[in-house]
Every structure is written in structure tokens, then in C-alpha cells.
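Contents: one structure, followed by commentary.
The values are calculated or read from the model by the stated rules, or taken from the named source; none is laboratory data. Every value quoted in this text rests on a predicted model; they were computed, and no experiment measured them. So basically every Cβ, Gly included, is an ideal-geometry build from the backbone, and we count neighbours across all protein chains shown. To get the accessible areas, we keep the full protein, side chains included, count just its heavy atoms, and leave off ligands, DNA and RNA. Shrake-Rupley method; radii C 1.70, N 1.55, O 1.52, S 1.80 Å.
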Amino acid sequence: MSAPDPDGLLAEQLLRLTRRLHRSQKRQLESADIAITPAQSRLLRIVAHYDRPPRMADLAERLEVVPRAITSLVDGLEASGCVRRAPDPDNRRVIRIELTDTGRAVLRALRRARRAAAEDILAPLTAEERATLGGLLSTLVDGRGQAAADGG
């Protein structure tokens with residue numbers, strides 16, 4: 001019998017936790033009667049982070065997908081009234097993606113759903129344990145451990 005794989009177990013726990021967080025967030029959104037896919041949610045958050053409405057190519061690059069994938073996502077968000085395509089004032093051949101008031105409202109609902117889901121998941125932890133977990137996750141997200149492993 002082989003020895004337990006602690007890193008494999010940890011990876012499995014992280015995946016299960018992520019799935020649980022997504023399920024909880026999805027329930028929160030459904031209770032608020034908001035139908036949005038995870039990919040649309042991510043695109044909406046990214047559009048909101050730009051100082052000026054981004055081009056489709058900017059979004060494709062940021063998400064590391066082909067432009068065709070962005071077109072489908074924007075089509076869905078536009079149909080639900082969350083974004084609109086608008087000509088660039090400096091170059092009318094360029095189309096920019098703008099958030100609408102509906103899109104901003106959906107973003108607020110997404111934030112509330114994410115916060116509620118996190119509160120649900122983190123409820124068993126003390127404030128100190130949450131701070132420790134946050135620090136550890138930041139280290140993993142920032143990839144500091146990977147830089148050392150890569151020799152950098």
C-alpha cells in the first residue's frame with residue numbers, strides 16, 4: 001500500500017472548497033433571481049475594472065481566450081442588458097464594451113453573493129484563523145513559492 005500523498009490530498013480539498021464556494025454563490029444568485037454564468041460573471045467583473053470601456057481584443061487578451069469566445073459572452077451579457085457595444089469616440093471602427101446600469105446592479109449582487117458564500121464557508125473559523133488562511137492563500141495566489149521553485 002502506498003503512503004498518503006499530502007499534496008494530492010490538499011489539492012483535492014482546495015478543489016472541493018472551491019466547488020462548495022461556487023455552489024453557495026450560485027444559490028445566492030438564484031435566490032436574487034440573477035441568471036449569469038461563471039464566465040459571464042468574470043467578464044463583467046473584468047469590464048468593471050477598466051478605466052475606460054475595453055475593446056473586445058482587450059478582454060480576450062485579459063482572459064487568455066480567442067476573441068470568438070468573448071463575442072459569445074458579450075452577446076449573452078448584452079441580451080440581458082448588462083453591457084452594450086459602443087463605437088470608440090476616437091476610432092469608430094473600434095467597438096468598446098460598456099457596463100450598463102443593469103450591469104452595475106448585477107455586479108453589486110455578485111459581490112453580495114460572493115460575500116455571503118464566503119461568510120457561509122468561513123463561519124467555522126475564528127478571525128485569527130481567517131487571517132492566517134488569507135495570508136496562506138495570498139502566498140499561493142501570488143506564486144511566491146513557484147518563483148523559488150523555478151529558481152527565481
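Its relative contact order, with pairs defined as Cα atoms under 8 Å and 6+ residues apart, puts the chain at 24 percent. Between the residues Gly143, Gln40, Thr126, the greatest Cα displacement towards the positive end of the dipole of the chain, with unit charges on the Cβ of Lys, Arg, Asp and Glu, is found for Gln40.
The relative contact order of the range 61-141, computed from alpha carbon pairs under 8 Å that lie at least 6 residues apart in sequence, is 17 percent. Each listed q (0.21, 0.28, 0.31 Å⁻¹) maps to a log10 I(q)/I(0) for the range 31-74 from the Debye sum over equal C-alpha point scatterers, namely -0.66, -1.03, -1.19. For trypsin sites (Lys or Arg not before Pro), the sites in the range 70-151 that DSSP calls loop and that have at most 11 other Cβ atoms within 10 Å are Arg92, Arg93.
GNM on the chain, alpha-carbon springs under 10 angstrom: the most fluctuating residue among Val66, Val47, Val106 is Val66.
Surface composition of the range 24-152: carbon plus sulfur atoms hold 52% of the accessible area, using a 1.4 angstrom probe and ignoring ligands, DNA and RNA. Charges were assigned to the Cβ only: +1 to each Lys and Arg, -1 to each Asp and Glu. The resulting dipole of the chain about its Cα centre is roughly 580 debye. Using only DSSP helix segments of four residues or longer, with each worth -39500 (n - 2.57), what per-residue ellipticity at 222 nm results for the chain after dividing by its residue count and rounding to 500? Using -39500 (n - 2.57) per qualifying helix, the result is -22000 deg cm²/dmol.
Using a simple charge model, +1 on the beta-carbon of Lys and Arg, -1 on the beta-carbon of Asp and Glu, nothing else, what dipole does the range 53-94 show about its Cα centre, in debye to the nearest 20?
Details: 7 positive and 7 negative charges, 30 e Å.
Its charge dipole is roughly 140 debye.
Comparing Leu133, Leu99, Leu44 in a Gaussian network model of the chain, where Cα atoms under 10 Å apart are tied by springs, the biggest mean-square fluctuation is seen for Leu133.
Each label was represented as a point 7 Å from its Cα along the Cα-to-Cβ direction; for Glu129 and Leu63 these points are 3.7 nm apart. In the context of the full set of protein chains, residues of the range 1-100 present 71 Å² of accessible surface per residue (probe radius 1.4 Å, heavy atoms only).
How big is the shadow of the Cα convex hull of the range 1-88, averaged over all directions, in nm²?
Working: hull surface 34.5 nm².
The directionally averaged projection comes out at 8.6 nm².
Here is the list for the range 1-73: GluC sites (Glu not before Pro) lying in DSSP coil, each with at most 15 other C-beta atoms within 10 angstrom of its C-beta, are Glu64. Taking every pair of distinct Cα atoms and averaging 1/r, then inverting, what Kirkwood hydrodynamic radius in Å comes out for the chain? One over the average 1/r among Cα pairs gives 18.1 Å for the chain.
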